[in-house]
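Note sheet for the following structure.
The values are calculated or read from the model by the stated rules, or taken from the named source; none is laboratory data. The structure presented is a predicted model; accordingly, all values stated were derived computationally and were not measured. Because the Cβ atoms are built from the backbone with ideal geometry, glycine has one as well, and the counts that use them run over all protein chains shown. Remember, those area values only see protein heavy atoms, side chains included, never the ligands or the DNA or RNA. Shrake-Rupley method; radii C 1.70, N 1.55, O 1.52, S 1.80 Å.
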Amino acid sequence: MRSPSGRSLLEANDPEIHAALVGEEARQSAGIELIPSENYTYPEVLVALGSVFTNKYSEGYPGRRYYGGQEYTDVIERLARNRARKLFGAEHANVQPLSGAPMNAAVYLSMLEPGDTVLGMDLSHGGHLTHGAPVSHMGTLYNWIRYKSEPDNQGRIDFDALRETARQHRPKMIVCGYSSYPRDYDYAEFKAIADEVGALTMADVSHIGGLIAGGVMRNPCDYGFDFVTTTTHKSLRGPRGGMILTKKAFRRDIDRSVFPGLQGGPHMNQVAGTAIALGKALEPAFADYAQRVLDNAQTLASALMQGGANLVTGGTDNHMMVLDCVQSFGIDGRVAEETLDSISITTNKQVIPDDPNPPLRPSGIRLGTPAATTRGMGDAEMARLAGWIIDALRNHEDSAALARLKGEVEETCSGFPVPGVEP
Ligand SMILES: *Cc1c(COP(=O)(O)O)cnc(C)c1O
């Protein structure tokens, strides 16, 4: 158990860090988090993260470790793996990746040779940095070929074009997954194309792991994907980390790729937190949560559009939306992000498909509902949020208006405490 005096020891012995922690708690409580990749984890997970499991070296896997003293670490890692398998219907789960980026690297490094061709979603269309962005090591190691969505056709993937690309380039792997794409995928189409050209399939569902676990979005494990990766800290509400779900046939390769291939000792406090979050996701209440995340996204998206905001793909099927600020309000995403920050609504600037503007001054912002839903917000709050966002972006140079909006946002947020923070 975490010592009850831990907080007061910190306050007495390292007042600077303590003050920053108190400040961050106040910041998270005062405003609302709309960055779609963020969430508020469970108080139980905070306990696990701050526990003595952080002291332990557990290189290897349950029953096959390089150090002694593993009777309890084996328990938590087995629980985490079993819960992950059950939740996603997967044959094998590796819960040791330290975060999303090493999780994806472990899959690539286990299956691909340098120079191999991989198909991935274009980054400006929503693909992730770890899907071969030129600035990433994985981007230079492999030959990435891009496919795109059709933003004017509700963001549909053009599978005929994708099939052509696959036939032409004969990729060793087809990667689907996104961090900024407001639709669901047709996994069967991806799988059929991959089978036709003999490619491996990987779905990186980092953003929607919780929505799949809650049964409200399609599960690539049901479509025979070879590898399904997800972060644990986004819609799943767990600690920061990653998971790889795979078939029995790849179990050995994936486990060896994570350790000793890529990583050293797993972070067992994080594995304990992952096990807790997966246990929560198996409870019926989590399906309700996932549904509320989607419902809130629908309400927020329609209210924004009714207020005159232009959403990329014209709406959302998941928890996120990308707002074209240039088209809607004549300001770029950076100004929009800063304006919303100033009224205690946290979002992030975001490129839109084939964005003519540079990444640090892109055309859009990205919004999502997992964190607000965790705070207990619903329809009424989503409608109010949309109103504040539109008001602020329209009047971004009016400091009196922004001050008034900030007051309203913070007044509302004060009724929705952050889990794990004493009010
Ligand atoms: C967030 C995310 C990652 C990376 O996760 P980190 O924990 O930030 O390394 C990878 N892929 C996708 C699709 C993501 O959304």
- Residues that are part of a strand (DSSP E or B), open to solvent by 50 Å² or more (accessible area, probe 1.4 Å) and either among the charged types (D, E, K, R) or within 16 Å of the ligand (Cβ to nearest atom) (or both), drawn from segment 115-150: Arg146, Glu150
- Query: Only one residue in Ala277, Ala287 is touching a Lys or Arg at 6+ places or on another chain (Cβ under 6 Å) and either on the phi < 0 side of the Ramachandran plot or not charged (D, E, K, R) (or both), so which one is that?
  - Reply: Ala277
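So that you can scan it fast, the table gives a plain yes or no per residue for (1) more than 30 Å from Cys413 (Cβ to Cβ); (2) open to solvent by 60 Å² or more (accessible area, probe 1.4 Å); (3) within 16 Å of the ligand (Cβ to nearest atom):
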site	(1), (2), (3)
Tyr42	no, no, no
Gly50	no, no, no
Gly60	yes, no, no
Tyr67	yes, yes, no
Gln70	yes, no, no
Val75	yes, yes, no
Arg78	yes, yes, no
Pro102	yes, no, yes
- Query: If you go through segment 212-222 one residue at a time, do you hit one that is charged (D, E, K, R) and out of contact with any strand residue (DSSP E or B) (no Cβ under 7 Å at 6 or more places or on another chain)?
  - Reply: yes
- Restricted to segment 25-39, and to residues that are within 13 Å of the chain's Cα centre (by Cα) and surrounded by fewer than 23 Cβ atoms within 10 Å (Cβ to Cβ), which residue is farthest from His233 (Cα to Cα)? Ile35
- Query: Taking the condition assigned to a loop (DSSP other than H, G, I, E, B) and open to solvent by 60 Å² or more (accessible area, probe 1.4 Å), does Glu411 pass?
  - Reply: no
- Message: Looking only at segment 242-256, count every residue that is buried (at least 22 other Cβ atoms within 10 Å of the Cβ) and either more than 22 Å from the chain's Cα centre (by Cα) or within 13 Å of the ligand (Cβ to nearest atom) (or both) and tell me the total.
- Response: 3
- Scanning segment 261-274 residue by residue, the ones that are closer than 25 Å to Tyr108 by Cα, in a helix (DSSP H, G or I) and under 20 Å from the mean Cα position of the chain (by Cα) total 3
- Query: Which residue pairs have Cβ atoms under 6 Å apart, sit 6 or more places apart or on different chains, and have a first residue in segment 33-58 that is charged (D, E, K, R) and a second that is outside any helix (DSSP H, G or I)?
  - Reply: Glu33/Thr346
- Note on the structure: When segment 402-419 is checked residue by residue, the ones that are touching a Lys or Arg at 6+ places or on another chain (Cβ under 9 Å) and farther than 19 Å from Ala372 by Cα are none
- Item | Residue ID - farthest from the ligand (Cβ to nearest atom), chosen from residues in segment 163-207 that are of a type in the set (S, T, N, Q) and under 14 Å from the mean Cα position of the chain (by Cα) | Ser180
- Message: On the basis of being touching a Leu at 6+ places or on another chain (Cβ under 6 Å), under 26 Å from Asp186 (Cβ atoms) and within 16 Å of the ligand (Cβ to nearest atom), does Val228 make the cut?
- Response: yes
- Tell me, which residue of segment 88-100 that is within 15 Å of the ligand (Cβ to nearest atom) and of a type in the set (A, V, I, L, M, F, W, C) is nearest to the chain's Cα centre (by Cα)? Leu98
- Query: How about segment 151-241: which helices (runs of 4 or more DSSP H) wholly inside it have at least 1 residues that are open to solvent by 20 Å² or more (accessible area, probe 1.4 Å) and touching a helix residue (DSSP H, G or I) at 6+ places or on another chain (Cβ under 7 Å)?
  - Reply: 159-169, 187-197
- In this structure, does Gly420 turn out to be assigned to a loop (DSSP other than H, G, I, E, B), open to solvent by less than 60 Å² (accessible area, probe 1.4 Å) and at pLDDT below 95? yes
- Quick count over segment 106-127, residues being touching a Ser or Thr at 6+ places or on another chain (Cβ under 7 Å) and modelled with pLDDT of 95 or more, is 5
- Select from segment 287-340 the residues that are open to solvent by 10 Å² or more (accessible area, probe 1.4 Å), closer than 24 Å to Leu87 by Cβ and of a type in the set (A, V, I, L, M, F, W, C) and list them in ascending order. Ala287, Leu294
- Go through segment 360-397 and give me each residue that's surrounded by 18 or more Cβ atoms within 10 Å (Cβ to Cβ) and touching a Pro at 6+ places or on another chain (Cβ under 9 Å). Ser363, Arg366, Leu367, Gly368, Thr369, Pro370, Ala371, Thr374, Arg375
